[in-house]
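S.K.: Pasting a structure below so you can have a look.
What follows draws every value from the coordinates through simple rules; no lab data is involved. Because the structure is a prediction, the values reported are computed rather than measured. We place every Cβ from the backbone using ideal geometry, glycine too, and count neighbours over all the protein chains shown.
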Amino acid sequence: MRVRFAPSPTGALHIGGVRTALYNYLLARQHGGTFILRVEDTDQTRFVPGAEAYIIESLRWLGLLPDEGVGFGGDHGPYRQSDRKPIYRQYAEQLVALGQAYYAFDTAEELDERRKATDNFTYNYLTRSDLQNSLTLSEADIQQRLIAGQAHVIRLRVTPGRAIHIHDLIRGEVVFQSDELDDKVLLKADGMPTYHLANIVDDHLMGITHVIRGEEWLPSTAHHVLLYEGFGWVETMPKFSHLPLIMKPFGNGKLSKRDGAKFGIPVFPLSWPLPGETAPPEDHFQGFREAGFLPGAVINFLALLGWHPGGDQEIFALDELVQAFSLEHISKGGARFDFEKAKWFNQKYIQMLDNSTLATYIRPLAAQKGYAVSDDYLAQVAGLMKERVTFLPDFVEMGYYLFEPVKDYDRETITKKWKAEWTPVFENLIDFVATYSPFESAGLEAAVKQFLVDQGAKPGDLLPLLRIALAGTMKGPAIFDMAVALGQSETVQRLRTALQIFNN
RNA sequence: GGUCCGUUCGUCUAGGGGUUAGGACACGUCCCUUUCACGGAUGAAACACGGGUUCGAUUCCCGUACGGACUACCA
């Protein structure tokens, strides 16, 4: 089995493309096959610098490494279509010689006018007889134009009156009537192939056995079958699978890159542009990585968006996905992009990670904030916060008070809970905490509660204030766990500072 | 408009001729917790509609509606 992921480097890699890559990858791994990355950069007008690097880095981040392809070697290269340009003309000419294709000299502008003038104008068996092509022009005229270097394209010659059957592994049999098909351009005037030609030639030359791609390709698959037939490659024609599309979280239509900004959610694996690259401000997008997602969570979320093996399992490690994956279980209908579910997966994945691994993720985030702390402390923070964060940056944002003094005190709670007459008790408490040893959570908790009772206070009255003193907020880890993590002197320091705040 | 593809709780889905139509996210309630969360329990919530076929259809067939993709010298 040889499969390929063939994105076009026109910008950031859409999350739907990532899912296509994932499904290709899973199938390849499951069958001990080969996963190939081919870059389809045949449209020179839409080429975006940095997009190819972005695609590769995205696959790396997600751990979906190709076995062959641009940046990964392999003996079926080159894997970038612009580097294969000479190949395509040769094959297009072959089709012309076979009578399966023809030269067309009509300019894009002429055809545009034709479309404006006629409703539903299609370049096909009906209209090609009064257009300028090698089917209507005399041999001498054609040769003359060719020698003169007149711009021309090569079009597929679709024979009418045929039914074209496609056996889609997801959708079953799909039938198209050749009368409905247009004579697609195969080779453009600039000498570059269109998707259709390049795709078929490359899939054939690269020995692709299974094509797994988005549903938007289903309508043109009939043309692709015609090409395989035209070349005489039907025996080795790959099996097709057309994936359902990923839809907008709200409203109608498929998920688009603008939806990210519109709904305030990431729709790309990584932020665009990559560091060091530039892009116009309206083309800046946040990625899942930068939003604080773990790659495993993104993969798990994406895998289940349009596929489920049956049963009740929700959490799948990559190797479990490899085991469980099958094309038959892919849904046929489009799947709405549900960011809430993505968040849940991330939360789960963070919880599943051990503290020291989590520490390695938090370290750069902490460094960014200027927090210089040990790995050991980072691991402690991880343990304290991992049950209450959704995104990686939450560790240093929600839990900032574990790295620096409290910035914001919850005034409302203070006003509600604090009574000035408790000042002496609180002062005594500070002294008690300052000398308590060993400074360990369970012991400290029991001792403080007892101390408060001895002082004639109710622990329930003072404990919330203690929390406010340490964190400034009513949300957060267990009070005494925080105290121990912060250390005895810092804890005492915060209690003193807080007491002044309380009485202010 | 034409061609093609779809349609199970709000969302992602399981299921499949006879089920109390299952799970997950989100949401409500309760428990745990002198916080927040995690966790546990529980609740509300779906087979688009109309015809067939059948003893019986959510499941099979046909229509309709709705949604989607495609309809470029873009992929």
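S.K.: Report the extension gain between A:Ala117 and A:Phe72 in nm, rounded to one decimal, defined as 0.36 nm multiplied by the number of residues separating them, less their alpha carbon distance.
M.R.: Stretched fully, the A:Ala117-A:Phe72 segment lengthens by 11.3 nm.
S.K.: So which trypsin sites (Lys or Arg not before Pro) in segment A:388-479 end up in coil per DSSP with only 16 or fewer other C-beta atoms within 10 Å? Please list the in-between numbers first.
M.R.: Values: sites: A:Arg388, A:Lys407, A:Arg411, A:Lys416, A:Lys417, A:Lys419, A:Lys449, A:Arg467, A:Lys475; in loops: A:Arg388, A:Lys407, A:Lys419, A:Lys475.
Of the trypsin sites (Lys or Arg not before Pro), the ones in loops of segment A:388-479 whose Cβ has at most 16 other Cβ atoms within 10 Å are A:Arg388, A:Lys407, A:Lys419, A:Lys475.
S.K.: Using packing as a proxy for protection, rank A:391-401, A:195-205, A:17-27 so that the peptide with the highest average count of other Cβ atoms within 10 Å comes first.
M.R.: My ranking of the peptides, most packed first, is A:17-27, A:195-205, A:391-401.
S.K.: Something else about it: Starting from the Cα of A:Lys407, move 7 Å in the Cα-to-Cβ direction to define the label point; list residues of segment A:462-504 whose amide nitrogen is under 15 Å from there.
M.R.: What the label zone holds, given the 15 Å backbone N cut-off, is A:471-473.
S.K.: Amide H to amide H under 5 Å from A:Arg336: which residues, 5+ apart in sequence or cross-chain, H placed 1.01 Å off N in plane?
M.R.: Distant-sequence amide H within range of A:Arg336: A:Met247.
S.K.: Given contacts defined as C-alpha pairs under 8 Å and at least six residues apart, what's the relative contact order of chain A, whole-number percent?
M.R.: 12 percent
S.K.: Averaging sequence separations of C-alpha pairs under 8 Å and six or more residues apart, then dividing by the length of segment A:37-149, give the relative contact order as a whole percent.
M.R.: 20 percent
S.K.: I need two numbers for chain A: Rg to one decimal and Dmax as a whole number, Cα atoms only, in Å.
M.R.: Just the Cα atoms of chain A yield Rg and Dmax of 31.7, 112 Å.
S.K.: On to the next question. What distance in nm separates the two pseudo spin-label positions at A:Val234 and A:Gln144, each 7 Å out from Cα along the beta-carbon direction?
M.R.: Calculated label separation equals 4.0 nm.
S.K.: Can you tell me the orientation of helix A:459-471 relative to chain A, as the angle in degrees between its alpha-carbon axis and the longest Cα principal axis, to the nearest 10?
M.R.: Once rounded, the angle reads 50 degrees.
S.K.: In debye, nearest 20: dipole of chain A around its Cα centre with unit charges on the Cβ of K, R (+) and D, E (-)?
M.R.: 660 debye
S.K.: Against the longest principal axis of chain A, how steep is helix A:51-62, in degrees 0 to 90 to the nearest 10, with axes from Cα atoms?
M.R.: Helix A:51-62 and the main axis of chain A meet at about 50 degrees.
S.K.: Calculated from DSSP H runs of 4 or more alone, at -39500 (n - 2.57) each and per residue, what is the 222 nm mean residue ellipticity of chain A, nearest 500?
M.R.: -13000 deg cm²/dmol
S.K.: Between helix A:423-435 and chain A, what is the angle of the helix's C-alpha long axis to the longest principal axis, kept within 0 to 90° and rounded to the nearest 10?
M.R.: Approximately 80 degrees, to the nearest 10.
S.K.: For segment A:427-503, rounded, prolate or oblate, judged on the Cα gyration tensor with a ≥ b ≥ c (square roots of eigenvalues), a/c < 1.5 rounded, else prolate if a/b > b/c? Write down the numbers at each step before the final one.
M.R.: Details: a/c = 1.24, a/b = 1.05, b/c = 1.19.
It is rounded, given that a/c, with a ≥ b ≥ c, falls under 1.5.
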